[in-house]
Amino acid sequence: MPGVEASGEFLDTQPEWAPTRALGRAVLVSGLLLIAGVLAGRVDLVVLAIPFALGTAVALHRRPRERPRIALDVDEGYIVEGAEALAAVTVGNPDPPAYDLVVVRTRIPRWLRIKDGDRPSVLTLAPGAVDQVELRGTALRWGRHPLGPAAARAAACDGLLISRPGVAYAQDVKVYPITEPFDADEAMPRAAGLVGGHRSRRPGEGGELAGVRVFQPGDRLRRIDWRVSLRARQLHVAATLSDRDAEVVLLLDVLAEAGGSGGVGSTASVLDTTVRAAAAIAEHYLHRGDRVSMLEYGTSARRLRPATGRRQYLTVLEWLLDVEAQPSPYEPYDQVFGPHLLSSDALVVVFTPLVDSRSAEMLARLARAGRFVLAVDTLPEGVKPPHRSDYTEVAHRLWRLERDNTIGQLREHGVPVVRWAGAGSLDLVLRDVARMASAPKGALR
């Protein structure tokens, strides 16, 4: 049937249609009346059995051969948290006889709020007809949410036969993280590319004025400052600073998850804050023409190579959909932070809840290696462990004190730690990092 594909077909010997209890009752009543009429010699009982027998025979005269065909279609548009998600279950009747009733049911994931989605839908299909059940709701949280499977069972022949369920396999609904407004006005610590939107300290072609100097062979004529040249009676040109791009490495700590996720507009867990903040920062720097790469600090050590442009932003969003917590007693792969992956001029933004001690050790190693590190605290405020005994509150206070002590030690070693607060939350820290990058460094002799 055009437009409808069959899913869930298996090679087996079971019939596509099975008798219902109504058929069993019709056959049983007809048989008992006929046997009783013959044995007792009563014609009236035989006359009573004839309608049951004829009705069953007429209903089964045109019986369907195939189960209903079903397909699950998911809207593949750009869906963000809080936006509308749309899907449709298409059911078709490939048989000449009509279906008396078709019951369609779809499994709804937790983070898709669809009105009456947990209830079955009822359709009636004529021969060769196709109908749809629309699933419209709200996407509450980022990620890949499996919608389905969807199943459809049909009844035919006046309810005497019921089909085996036609099944459509589940499909993922991609919900992208909502990008909180973020804007950083401070310059990058070191701009290393050839072109870009950041002012560097090197002279070259750009829009930032560096001063006026004497004309030299090779200077462009449009750079001549005629006022200064006439006054000094010698050609002078306006010198500018080159505009360069920067590399931003977004490092996601996925060793631990804390806090409860309530979806968009509600409480946020560590992963919610991490993914949303990373998407906002990546969008900001990619819009300015910088190179952005992604890394995971966990057992899988996923990596996204640095690139620029709109295409990289869409790739970052796809990459963030697969972020998940990876608690493991084994050591994470620190080899991903080697010099061949982390440039010495890159700004490394680490999103970490600082729950695992290995996260603080990783930040210290990056700082000792001379990287420009900025730690973003993603632990939700007010998060507490479940109450297990009378000592739970005391233990939580001690852990909080130890965590604050760790943050203080990191700041003493040159690793700024700031809580994510949306737009402008990193400006002050980026200013300090830029000053540290421009400060002269001593050398041992």
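The values are calculated or read from the model by the stated rules, or taken from the named source; none is laboratory data. Note that the coordinates shown come from a computational prediction; the quantities given were computed from them, not determined experimentally. Using ideal geometry, Cβ is built from the backbone for each residue, glycine included, and neighbour counts are taken over all protein chains shown. Only protein heavy atoms, including side chains, enter the accessible area calculation; ligands, DNA and RNA are left aside. Shrake-Rupley method; radii C 1.70, N 1.55, O 1.52, S 1.80 Å.
Annotations
- Test result for Val58, over 30 Å from Pro127 (Cβ atoms), at pLDDT below 90 and surrounded by fewer than 15 Cβ atoms within 10 Å (Cβ to Cβ): no
- Across the stretch 382-396, the qualifying residues are those that are within 34 Å of the chain's Cα centre (by Cα) and free of Cβ contacts under 8 Å to residues at least 12 places away in the same chain, and the one among them that is most open to solvent (accessible area, probe 1.4 Å) is Arg388.
- Check on Leu86, over 16 Å from the mean Cα position of the chain (by Cα), open to solvent by 10 Å² or more (accessible area, probe 1.4 Å) and within 26 Å of Gly128 (Cβ to Cβ): no
- Across the stretch 1-29, the qualifying residues are those that are at pLDDT 85 or above and part of a loop (DSSP other than H, G, I, E, B), and the one among them that is nearest to Val91 (Cα to Cα) is Glu16.
- Test set (1) at positive phi; (2) buried (at least 17 other Cβ atoms within 10 Å of the Cβ); (3) at pLDDT below 85 - Gly370 fails condition number: (2)
- Looking only at the stretch 221-274, residues that are crowded, with 21+ Cβ neighbours inside 10 Å and basic (Lys, Arg) come to 1 in all.
- Entry remark, the stretch 285-300: residues being open to solvent by 20 Å² or more (accessible area, probe 1.4 Å) and out of contact with any Asp or Glu (no Cβ under 6 Å at 6 or more places or on another chain) number 4 in total.
- Of the numbered criteria (1) touching a residue at least 60 places away in the same chain (Cβ under 8 Å); (2) more than 30 Å from Val130 (Cβ to Cβ); (3) not charged (D, E, K, R), the one Pro68 fails is (2).
- Answer from Leu401, Leu444 - the residue that is out of contact with any helix residue (DSSP H, G or I) (no Cβ under 6 Å at 6 or more places or on another chain) and either at pLDDT below 65 or within 18 Å of Asp345 (Cβ to Cβ) (or both): Leu444
- Any hit, the stretch 293-308, residues being at pLDDT 85 or above, in a helix (DSSP H, G or I) and within 28 Å of Gly414 (Cβ to Cβ): no
- Failed item, numbered, when Gly77 is tested on (1) open to solvent by 40 Å² or more (accessible area, probe 1.4 Å); (2) assigned to a loop (DSSP other than H, G, I, E, B); (3) modelled with pLDDT under 90: (1)
- Any hit, the stretch 129-138, residues being free of Cβ contacts under 8 Å to residues at least 40 places away in the same chain and farther than 30 Å from Val275 by Cβ: yes
- Of residues in the stretch 208-250 being among the β-branched types (Val, Ile, Thr) and over 30 Å from Met294 (Cβ atoms), the one modelled with the lowest pLDDT: Thr240
- Single condition Tyr285 does not satisfy, out of (1) more than 28 Å from Arg400 (Cα to Cα); (2) of a type in the set (Ser, Thr, Tyr); (3) under 18 Å from the mean Cα position of the chain (by Cα): (3)
- Residue check for Leu32: hydrophobic (A, V, I, L, M, F, W, C), within 30 Å of Arg276 (Cβ to Cβ), open to solvent by 40 Å² or more (accessible area, probe 1.4 Å) and at pLDDT 85 or above: no
- Search result, residues across the stretch 303-322 that are more than 19 Å from Leu347 (Cβ to Cβ), surrounded by 15 or more Cβ atoms within 10 Å (Cβ to Cβ) and of a type outside the set (A, V, I, L, M, F, W, C): Thr315
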